[in-house]
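Trainee: Could you have a look at this structure, given as structure tokens, before my questions?
Just so you know, all these numbers are worked out from the coordinates, no wet-lab data involved. These figures come from a predicted structure and were not determined experimentally. In this analysis, Cβ positions are derived from the backbone assuming ideal geometry, glycine residues included, and neighbour counts consider all displayed protein chains.
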Ligand SMILES: Nc1ncnc2c1ncn2[C@@H]1O[C@H](COP(=O)(O)OP(=O)(O)O)[C@@H](O)[C@H]1O
Ligand SMILES: [Mg+2]
């Protein structure tokens, strides 16, 4: 297996009569051999464009792509040995699953018939498609289609595997099982993999490292823990985590606390110069309702889940509501106090959104 | 709310329309079955005879109708085949890539369909005389490209545009070349479109009148013009023209019936996406 490296990768779409779109602006990224990197970001931030450039389906505007240390930027797609599982599966409707899988092997007529059959059977076994080898794509569930698409990408033993939103068209139940399958298969086969997704949960559960993308650039690169526990910007903090982090505008006080309103102050994790406008970030799971100490709050809504609940609190004089992860039962409109777990708050510059921690 | 017509009323309206649109055909059929001496009687009692068909197909009037028929077949099939060979790659390219001047090119091609043929027929006539293409198969197949090529390119373009490019891209990643991706992936998926557009182009080519009228005389003349030869001479022989016309609708009709299944799917292109 081989590593993948992107250097200063750029893509600008220019079409006559329309302003140029800078879809990717200077991406630097290095994947170790066998690593699964999650490329996470909102729709339109340039994830697919990045993937298509790596695959060779889109010409780069600038920068370099290296596989196993050698530049492949000038090579056509068919000579990069990259496997792609497309978002819409890209299965060939008239062919059966087995024929779809074999199609990729026959490109240069390099495999003998017996070998093709053996490889198809092997990959089908691995991905769990043995029962549907004779079915046509139209008769498959979306989870099965996704696995065919994956098998089709894997059967040629590519150096690098690219997955574009592999789970986005699956229903909730299939998504969970397919996600686990995906992880198992990638671990077993050990491909260097980029997984593109806009679903933070998917990235957190699958990836070794996550690159959070925004407007064509990487906002933060790190392990899921780093991304979640130490978001580099307010954008990353907001994008990762469900329910989303509370981001409250405040002003730093001289005593090391953030003033949210005249009566509401929250201790800051790091010293911030007094008078500086900041965004205080607190994850709903780092807050707790207590009868005793903490900030006085009023419960305005509560959404019970099975073993927990999500409460919305109003703080005195604070415009934005606070979302808190609670137990399944909370009394509405009851005067409560909310306690912030010590040291778990985040603080960002109000202007730039950069973490001050 | 729109009220629907009651069933029987709708049926009646359809039958009425059916009779209305089939009337000219029926009239011709009657005409073609009449003996020459009862041609101009307006009542419907006559002794039906197949004499007209015998005369037309036997060529006994000195008019080689069977050859005209064969010419039509050769020229129409040739025109459609050439249009497919040239038009399918063109349609594919224009659906997949925007290149310099591509939209102008496409529009120019389309303009052949709505520019009246008569506007170019005189210069074409002169050119054909000089190039030795007058009254030849090559000349007819070539000039019919004005009719068939825009159809093929425009209709097939929308078929290719409806195909997800990811199918071909997957093939490219597998190691297929662009050309292979076109032939092995894209082309087989637009077969219904090819069937529909071939039929349509064939009918348009078959029905064309102006080009063979001006650009052929005897060797390469087609049925549309040939059928009218029976009207010349001392007395117009309407029953022979009617018989000739009826015989000449047979190929398009047979073709339409055989590929009807494709046709319904094929001609609703763009309108309904699966
Ligand atoms: N072929 C194209 N021509 C012009 N703009 C494009 C093209 N493809 C993508 N874009 C633009 O580039 C940006 C990034 O797109 P994309 O990479 O598909 O985002 P993502 O996959 O993250 O949703 C978007 O603003 C999109 O509109
Ligand atoms: Mg995308």
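Trainee: When each pair of different Cα atoms in region B:1-49 is counted once in the 1/r mean, what is the Kirkwood radius in angstroms, to one decimal?
Mentor: For region B:1-49, the Kirkwood estimate is 13.4 Å.
Trainee: Report the label-to-label distance for residue A:125 and residue B:23 in nanometres (one decimal), using points 7 Å from each Cα along the Cα→Cβ vector.
Mentor: It works out to 7.5 nm between the two label points.
Trainee: Can you say what percent of the DSSP beta bridges in the protein assembly as shown, counting only those with both residues inside, are antiparallel? Round to 5.
Mentor: 75
Trainee: So, one more: Ratio of alpha-carbon Rg to the 2.2 N^0.38 Å globular estimate for region B:20-72, to two decimals, please.
Mentor: With N residues counted in region B:20-72, Rg over 2.2 N^0.38 Å equals 1.32.
Trainee: What whole number of Å gives the distance from the Cα centroid of region A:146-163 to the Cα centroid of region B:188-258?
Mentor: 53
Trainee: Oh, and also: Which of A:159, A:28, A:335 moves most in a GNM of chain A, Cα contacts under 10 Å?
Mentor: It is A:335.
Trainee: Averaging sequence separations of C-alpha pairs under 8 Å and six or more residues apart, then dividing by the length of chain A, give the relative contact order as a whole percent.
Mentor: Relative contact order for chain A comes out at 15 percent.
Trainee: Comparing B:37, B:208, B:71, which has the greatest mean-square fluctuation in the GNM of chain B with Cα pairs linked when under 10 Å apart?
Mentor: B:37
Trainee: Taking neighbour Cβ counts within 10 Å as the exposure measure, how do A:22, B:168, A:35 sort from fewest upward?
Mentor: Listing A:22, B:168, A:35 from fewest to most nearby Cβ atoms yields A:22, A:35, B:168.
Trainee: For the protein assembly as shown, what's the radius of gyration and Dmax over Cα atoms, in angstrom?
Mentor: Cα-based Rg and Dmax for the protein assembly as shown come out at 36.2, 120 Å.
Trainee: What span do the alpha-carbon atoms of region B:48-159 cover on each of the three principal axes, reported in whole Å from largest to smallest?
Mentor: Principal axes ranked by extent give 60, 34, 22 Å for the Cα atoms.
Trainee: Going by alpha carbons, how many degrees (0 to 90, nearest 10) lie between the helix axis of A:113-127 and the longest principal axis of chain A?
Mentor: Computed tilt is about 20 degrees.
Trainee: Here's a follow-up. Evaluate E = 1/(1 + (r/R0)^6) for residue A:188 and residue B:183, where r is the Cβ-Cβ distance and R0 equals 35 Å; express this FRET efficiency to the nearest 0.05.
Mentor: Computed FRET efficiency for residue A:188 and residue B:183: 0.45.
Trainee: In the P(r) worked out for region A:241-343, what percent of Cα pairs fall beyond 19 Å?
Mentor: 40
Trainee: If you build a Gaussian network model of chain B, linking Cα atoms that sit under 10 Å apart, which residue out of B:209, B:68, B:23 swings the most?
Mentor: Residue with maximal mean-square fluctuation among B:209, B:68, B:23: B:23.
Trainee: Show me the three semi-axes of the equivalent ellipsoid for region A:197-281, from the C-alpha gyration tensor (sqrt of 5 times each eigenvalue), largest first, rounded to whole Å.
Mentor: Result for region A:197-281: semi-axes of 29, 12, 11 Å.
Trainee: Which angle between 0 and 90 degrees, to the nearest 10, do you get for helix B:238-248 versus the longest principal axis of chain B when only C-alpha atoms count?
Mentor: 30
Trainee: Here is a follow-up. Could you work out how far helix B:65-96 tilts from the main Cα principal axis of chain B, as a 0 to 90 degree angle to the nearest 10?
Mentor: Long axis of B:65-96 versus the principal axis of chain B: about 20 degrees.
Trainee: If you don't mind, another one. Ignoring everything except DSSP H segments at least 4 long, calculate the 222 nm mean residue ellipticity for the protein assembly as shown; use -39,500 (n - 2.57) per segment, divide by total residues, nearest 500.
Mentor: Value at 222 nm, helices only: -13000 deg cm²/dmol.
Trainee: Moving on to the next point. Give the span of chain B's Cα atoms along each principal axis, as three whole-Å numbers ordered largest to smallest.
Mentor: Cα spread of chain B along its principal axes, largest to smallest: 74, 64, 31 Å.
Trainee: Below 8 Å between Cα atoms, with a sequence gap of 6+, how large is the relative contact order for region A:12-125 in percent?
Mentor: Relative contact order here is 13 percent.
Trainee: Return the Cα extents of region A:102-260 along principal axes one, two and three, sorted largest first, each rounded to a whole Å.
Mentor: Principal extents (largest minus smallest coordinate, Cα): 77, 30, 26 Å.
Trainee: Using 0.36 nm per residue, how much length does the chain from residue B:207 to residue B:11 gain when fully extended, once their Cα-Cα distance is taken away?
Mentor: That pair, residue B:207 and residue B:11, stretches by 67.4 nm at full extension.
Trainee: Could you give the radius of gyration (one decimal) and Dmax (whole number) of the Cα atoms in region B:130-274, in Å?
Mentor: Answer for region B:130-274, Rg first and Dmax second: 20.2, 72 Å.
Trainee: Roughly how crowded by other chains is peptide A:72-78, in terms of the mean Cβ count from those chains within 10 Å of each of its Cβ atoms?
Mentor: 3
Trainee: Still on this structure, please answer the following. Quick one: what Rg and Dmax do you get for chain A from the alpha carbons, in Å?
Mentor: Final numbers for Rg and Dmax: 24.4, 78 Å.
Trainee: Of A:13, B:43, B:53, how do they rank once you tally other Cβ atoms within 10 Å and put the fewest first?
Mentor: B:43, A:13, B:53
Trainee: Counting DSSP beta bridges with both partners in chain A, what percentage is antiparallel, nearest 5?
Mentor: The answer is about 75 percent antiparallel.
Trainee: Measuring from label point to label point, each 7 Å out along Cα→Cβ, what is the residue B:131 to residue A:265 span in nm?
Mentor: 9.3
Trainee: Report Rg/Rh for region A:1-152, rounded to two decimals, where Rg is the Cα radius of gyration and Rh the Kirkwood radius.
Mentor: Over the Cα atoms of region A:1-152, Rg/Rh equals 1.02.
Trainee: Also: Which value results for Rg/Rh of region A:48-95 when Rg is the Cα radius of gyration and Rh the Kirkwood radius based on the inverse mean 1/r?
Mentor: Rounded to two decimals, Rg/Rh equals 1.04.
Trainee: For region A:68-173, what does the alpha-carbon gyration tensor say about shape, rounded, prolate or oblate, given a ≥ b ≥ c as the root eigenvalues, a/c under 1.5 as rounded, and a/b over b/c as prolate?
Mentor: Oblate, because a/c is 1.5 or more while a/b does not exceed b/c.
Trainee: Which percentage, to the nearest 5, of the DSSP beta bridges contained in region A:111-225 is antiparallel?
Mentor: Around 50 percent antiparallel, to the nearest 5.
Trainee: Report relative contact order for region A:211-357 in percent, whole number only (criteria: Cα-Cα under 8 Å, sequence separation at least 6).
Mentor: In percent, rounded to a whole number, it is 24.
Trainee: Next up: So for A:11, A:119, B:100, A:47, fewest C-beta neighbours within 10 Å to most, what's the order?
Mentor: If I rank by nearby Cβ atoms, fewest first, I get B:100, A:119, A:11, A:47.
Trainee: On average over all directions, what projected area in square nanometres does region B:166-220 have, based on the convex hull of its Cα atoms?
Mentor: Reported value for the Cα convex hull: 5.8 nm².
Trainee: Work out the FRET efficiency for residue A:215 and residue A:15 from their Cβ-Cβ distance, taking R0 = 22 Å, and round it to the nearest 0.05.
Mentor: 0.70
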